[in-house]
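For reference, the structure discussed in these notes is given below.
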Amino acid sequence: MAKIKKDTNLRKAILQAAITGQLISNVEGATETGKQLLDRIIEERNAKLLADWEEAKKKNPKAKKPAPIVASEIAEDEIPFEIPESWCWCRLGDVIDLLSGRDLEPSEYNSLSKGIPYMTGASNFENEKLLVNRWTDKPATISRFGDLLITCKGTIGELAINHVGEIHIARQIMAIRNTDFINLSFLKFFLISRVDKIQKQAKSMIPGISREDMLGFLFPLPPLAVQNAIVAKLEEVLPLVDAYENAVLQKEELKTALPDKVKKAILQEAIQGKLTEEWRKTATIEETGKQLLDRIIEERNAKLLAQWEEAKKKNPKAKKPTPIVASEIAEDEIPFEIPESWCWCRLSNLCNLYTGNSINETEKKLKYTNIKDGWVYIGTKDVGFDQTINYDNGIKIPFEKDTFRIAPKNTVLMCIEGGSAGRKIAFTNQDVCFGNKLCCFNPYKYEVEKFLFYFLQSTVFTDAFKDNINGIIGGVSINKIKDMLFPLPPLAEQEKIVEIIEQMLPLCEKLERKENINDK
């Protein structure tokens, strides 16, 4: 299989969003600006230089006092893009210590695992990891655990964090020292995003970049808390990009289906809790999915009883409603494992599901065309395959018509009958009346509607939907849909999943549009 190219359009778009401050918004704990962080880094580096000088004077009283580090001047026309106000531009030389490598003689290294690893260049880098194939017991330029390594001669711009330990680096490699002030994973992502710019600075017959090139490179410095948050976000999102890049290798075969396959992969990861694995490690779960389900059912039962009490005022013999209970689910019904804090339930536990009202073409023309005040009436044809709704179809139901069913704003409409059953789905942005071939998924109070919207587009739901289609016209009954399983996460996790999905899907759509243009 061909080597996966990491800087695809999708990856570049995500990294560009990260380094320009668009990937995340507000970050808790970011009390220090980038400029204040820069000042603190320079202050600490100067203090270290003076301490080193004091030590040097003990051996050589004539040791020269070091010149203090000062923040570099940056001209306005050098700045390549805008960054948030809390960030600041600097040069890498302002904030990093850079170690240049040194070659060893053949007699100074071996292939027998004696000494420490000896890294010579791009051949030691694979998918941002380090491969060891030679060792030395005569190291001279030693990179330590946590340093960021970059190849600087020959193949330029290969990057990896040193997770090996002490290693000797050859002249084809530079090491950016591990520091408490810069998250080197953030710096790595930044350099990956700008690798084309770095490579353009290469000089001589054998391409190479000098120390001066690296130290003079412009760097957008966020507060440290923001750096950490961006890294955490990228570590959630980039594994999905890896899956996308694997799919790109089959581009010719999947040219039209690829974006849809990527979307399905993202949604499947979402509803299985895989998008939020890292998030759960640090999140505090105040209410589990099971507790949320119990609360929903409790509130629904309270509402039923309140309605019964009202009904008794008009009809003392009104029948007391049967209490709602959580549906039983057999072990062999469960399609996949979910996190411990989630729970399985049925859609009927969470949603009020109902179809709309049928209107024939004669009624539309005679009764409901060109009405000024009323609910827009949505038929199957008004729901697009692109998840849009045509609200300007000229058909309205007068507000006084209380016999028509309403799909409230922020609920899901899905076609459940006919050729587009299960394929047309859209999110309402206003109250509407709707047709009898459409089903409204109207969540109860404690359900996040958008998580439900994305679940209904996942493979696990669409496959279950297809398995239940029957009849001459082809459709799925409301009762069948109510009985379908739903993986219920805690509310906070639902919100987190929706946030990640809504960052990823527009990038996939952007790439799809670009592919379509290229095909033409």
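Values quoted throughout were computed directly from the atomic coordinates according to the rules given, and no laboratory measurement underlies them. Owing to the predicted nature of the structure, the values given are computational and were not obtained by experimental measurement. With ideal geometry, Cβ positions are generated from the backbone for all residues, glycine too; neighbour counts draw on all protein chains shown.
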Task: Placed amide H near Leu221: partners under 5 Å, 5+ positions off or other chain - done: Cys88, Trp89, Cys90
Open item on the list: For a protection proxy built on the mean count of beta-carbon atoms within 10 angstrom, sort 401-408, 436-443 highest first, please.
Closed with: 436-443, 401-408
- [ ] With everything on Cα atoms, drop me the angle between helix 224-248 and the longest principal axis of the chain, reported from 0 to 90° to the nearest 10.
- [x] 70 degrees
TODO: At a Cα cut-off below 12 Å, give the aspartates and glutamates reachable from Lys114, other chains included and same-chain residues fewer than 8 away excluded.
DONE: Asp137
TODO: Please say if the stretch 286-338 is rounded, prolate or oblate, where rounded means a/c under 1.5 for a ≥ b ≥ c the square roots of the C-alpha gyration tensor eigenvalues, and otherwise the choice is prolate for a/b larger than b/c and oblate otherwise?
DONE: oblate
Open item on the list: Straight-line reach from Lys48: which aspartates and glutamates fall under 19 Å, measuring Cα to Cα and dropping same-chain residues less than 8 apart?
Closed with: Asp39, Asp94, Asp97, Asp147, Asp180
TODO: For the stretch 50-57, just list the computed ³J(HN,Hα) in residue order, Karplus coefficients 6.51, -1.76 and 1.60, θ = phi - 60°, integers in Hz, with x standing in for Gly and Pro.
DONE: 5, 5, 5, 5, 4, 5, 5, 5
Task: Net charge of neighbours whose Cβ lies under 10 Å from the Cβ of Gly273, counting Lys and Arg as +1 and Asp and Glu as -1 - done: -3
TODO: Output the relative contact order of the stretch 385-443, whole-number percent, from Cα pairs under 8 angstrom with separation of 6+ residues.
DONE: 39 percent
Task: For Val164, distant residues with modelled amide H under 5 Å away - done: Gly146
- [ ] Please list the equivalent ellipsoid semi-axes of the stretch 9-237, computed as the square roots of five times the alpha-carbon gyration tensor eigenvalues, in descending order and whole angstrom.
- [x] 29, 24, 17
Open item on the list: Which order do the peptides 486-499, 86-99 come out in when sorted by mean C-beta neighbours inside 10 angstrom, highest first?
Closed with: 486-499, 86-99
Open item on the list: Over 31 Å between Cα atoms: which of Lys365/Lys450; Lys365/Lys466; Lys365/Lys409; Lys153/Lys274; Lys12/Lys437 fall into that group?
Closed with: Lys365/Lys450; Lys365/Lys466; Lys153/Lys274; Lys12/Lys437
Task: Segments 298-308, 142-152 sorted - mean Cβ within 10 Å per residue, highest first - done: 142-152, 298-308
Task: Backbone HN-Hα couplings from phi across the stretch 146-156 [Karplus 6.51/-1.76/1.60, Hz, Gly and Pro as x] - done: x, 5, 9, 9, 9, 6, 10, 9, x, 7, 9
Task: For the stretch 289-491: relative contact order, % (alpha-carbon pairs under 8 angstrom, 6 or more apart) - done: 27 percent
Task: Percent RCO, i.e. relative contact order, over the stretch 9-237, from Cα pairs under 8 Å lying at least 6 residues apart - done: 26 percent
TODO: Working from Cα positions, state the angle (0 to 90°, nearest 10) between the long axis of helix 289-314 and the longest principal axis of the chain.
DONE: 20 degrees
Task: Table column - 3J(HN,Hα) (Hz), the stretch 192-197, Karplus curve with 6.51, -1.76, 1.60, x for Gly and Pro - done: 4, 5, 10, 4, 4, 5
Task: Two-site FRET efficiency, Ala71 against Glu108, from Cβ-Cβ distance with R₀ of 45 Å, rounded to 0.05 - done: 0.65
TODO: Could you let me know the centre-to-centre spacing of the stretch 143-212 and the stretch 25-62, using Cα atoms, in angstrom?
DONE: 22 Å
Task: Rounded to 10°, Cα long-axis angle of helix 491-519 versus longest principal axis of the chain - done: 80 degrees
Open item on the list: Between Glu85 and Ile324, what's the calculated FRET efficiency when r is the beta-carbon distance and R0 is 30 Å? Round to 0.05.
Closed with: 0.05
